[in-house]
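K.L.:
Encoded as structure tokens, here's the structure I'll be asking about.
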Amino acid sequence: MIEEGRVKFITDGVFYNPRMRFCRDLDMVVFSELDSTEYLDALAASGVRGIRAAVEASKQPVFNDLNPKAVEVIKQNLKLNGLEAEVYCRDASILMRERSFEHVDVDPFGSPSAFIDSACFSARKYMSVTATDTAALCGSATNSGLKKYGAYAVKTDTYHETGLRMLIGFAVREATKYEKALTPLVSWTKEHYYRVHFRVRKSTSQAGKVYEKMGYINFCSKCLRKEISAMGESREKCECGGKFILLGPIWLGELKQKDFVEELYGKTDGKLREFLGKLKEEVEAATTYNLQQIASRVAERVPTTLGVVERLREMGYQASRTHYCGFCIRTDAEIDVLLEIIKDLS
């Protein structure tokens, strides 16, 4: 018997990842703030997330898993917690094509790409997505990223950022086929996974406007410079003489809704509050840099991240630390400015 949050459950050989407990803990805080009741746990496995959603966030979960053994375990776990719910043993994509849900959650083992189209079709108000195929998203497996997400990426100094924006960009593009606009309420990358919670809005005009926040990052592997290009734009040469590598199409818009994250922050404590505090303080610049890697290229000592952030703000730039890397910063300043600061503070 396993206890997690306010529920107890068994696995009986069905997949369960204890390392994702932090994610599920944070999910419950998110779910509690959503104005929805119906919740589809599309790839439920043991059913722990959906059961927690019922007990801790007052949702009415619907469970699905293609594995008959998982379905039996879910039913047992519902009884253990005194709950009743619909439980399906279906191909998740087909189920989501046949029925719409207020909130759809896609948390597969590996890539969610095969399920995103149907999830976008089904979701009426909210959609949550997890991806653990970090190599495909962060640029370590370029061809895999192209096949699964239709975007080109190589590994940069802040590859975590690339993966998160690539995942969001893919989901946003898929939703526009159904005249739906997705807005990230909160998103993060941690350890081996990416997690995004979207608000879904059915609107032809808004679906078209999301492409204003899509584009490319021009990345120079020689000097680590990053520049933003809108859809239809690009640059070939970097100022250092190197050749830009075009990453994308990628999401260049906001990674969170600040007011929403502040609400979550105010209702948590401990590690959740600490993590949300980092998310809350992040500025919305789309370019990020790793100070360690920049400093190593110019043979300078690495200054404190906070010191660089404070100097950038004094100069009038947006700047903050990132939630995923102690030496990474998010800023709209160009790399030349960062080099000057690093030399000055070293």
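K.L.:
Grab segment 207-255 and count how many Lys pairs have their alpha-carbon atoms under 23 Å apart, sequence gap of 8 or more, or different chains.
P.N.:
Within segment 207-255, the lysine pair count is 5.
K.L.:
In the chain, if the dipole is taken from +1 on Lys/Arg beta carbons and -1 on Asp/Glu beta carbons about the Cα centre, which of 192, 37, 245 is farthest to the positive end?
P.N.:
Result: 245.
K.L.:
How far is it, in nm, from the label point at residue 259 to the one at residue 230 when both lie 7 Å from their Cα along the line to the Cβ?
P.N.:
My value for the distance between the label points is 2.7 nm.
K.L.:
According to the square roots a ≥ b ≥ c of the eigenvalues of the Cα gyration tensor, what is the shape class of segment 1-72, taking rounded for a/c under 1.5, prolate for a/b larger than b/c otherwise, and oblate for the remainder?
P.N.:
oblate
K.L.:
For the Cα atoms of the chain, what angle does the longest principal axis make with the long axis of helix 335-345, in degrees from 0 to 90, nearest 10?
P.N.:
Computed tilt is about 70 degrees.
K.L.:
For the chain, which whole-number percentage of the solvent-accessible area (1.4 Å probe, protein heavy atoms only) is attributable to carbon and sulfur atoms?
P.N.:
47 percent
K.L.:
Only Cα pairs under 8 Å and at least 6 apart count here; give the relative contact order of segment 38-136 as a rounded whole percent.
P.N.:
26 percent
K.L.:
If the only charges are +1 at each Lys and Arg Cβ and -1 at each Asp and Glu Cβ, what is the size of the charge dipole of segment 63-168 around the Cα centre, to the nearest 20 debye?
P.N.:
Roughly 140 debye, rounded to the nearest 20.
K.L.:
Same structure, new question: What number, rounded to the nearest 500 deg cm²/dmol, is the helix-based mean residue ellipticity at 222 nm of the chain, given -39500 (n - 2.57) per DSSP H run of at least four residues and division by all its residues?
P.N.:
-11500 deg cm²/dmol
K.L.:
For segment 37-81 and segment 147-163, what is the separation of their Cα centres, given in Å?
P.N.:
32 Å
K.L.:
Test of the criteria: in segment 256-340, which GluC sites (Glu not before Pro) are in a DSSP loop and have at most 16 other Cβ atoms within 10 angstrom of their Cβ?
P.N.:
284, 300, 334
K.L.:
Over segment 208-312, what is the mean sequence separation of C-alpha contacts under 8 Å (at least six apart), divided by residue count, expressed as relative contact order in percent?
P.N.:
Relative contact order comes out at 22 percent.
K.L.:
Could you do me a favour and compute the accessible area per residue for the chain, 1.4 Å probe, result in Å²?
P.N.:
Accessible area per residue: 42 Å².
K.L.:
Considering Cα pairs under 8 angstrom that are at least six residues apart, work out the relative contact order of the chain and quote it in whole percent.
P.N.:
11 percent
K.L.:
Shifting gears a bit: Excluding residue 303 itself, calculate the net charge of residues whose Cβ lies under 10 Å from the Cβ of residue 303, where each Lys or Arg counts +1 and each Asp or Glu counts -1.
P.N.:
Net charge in that neighbourhood comes out at +1.
K.L.:
Then there's this: Check the chain for me: any Cys whose beta-carbon has no other cysteine beta-carbon within less than 4.7 Å?
P.N.:
Cysteines lacking a close Cβ partner in the chain: 23, 89, 120, 138.
K.L.:
I'd like the orientation of helix 305-314 relative to the chain: the angle between its Cα long axis and the longest Cα principal axis, in ° from 0 to 90, rounded to 10.
P.N.:
Tilt of helix 305-314: around 70 degrees.
K.L.:
Shifting gears a bit: If one takes the longest principal axis of the Cα atoms in the chain, at what angle in degrees, from 0 to 90 and to the nearest 10, does the Cα axis of helix 21-32 lie?
P.N.:
80 degrees
K.L.:
Still on this structure, I have one more. Across segment 96-113, in residue order, what do the Karplus-derived ³J(HN,Hα) couplings come to in whole Hz, using 6.51 cos²θ - 1.76 cosθ + 1.60 with θ = phi - 60° and x for Gly and Pro?
P.N.:
6, 6, 8, 8, 9, 9, 4, 9, 10, 10, 10, 10, x, 8, x, 7, x, 4
The values are calculated or read from the model by the stated rules, or taken from the named source; none is laboratory data. Remember, predicted model here, so these are calculated numbers, not experimental data. Here Cβ is always computed from backbone atoms with ideal geometry, including for glycine, and neighbour counts include all displayed protein chains. The accessibility values were calculated without ligands, DNA or RNA, using every heavy atom of the protein model including side chains. Shrake-Rupley method; radii C 1.70, N 1.55, O 1.52, S 1.80 Å.
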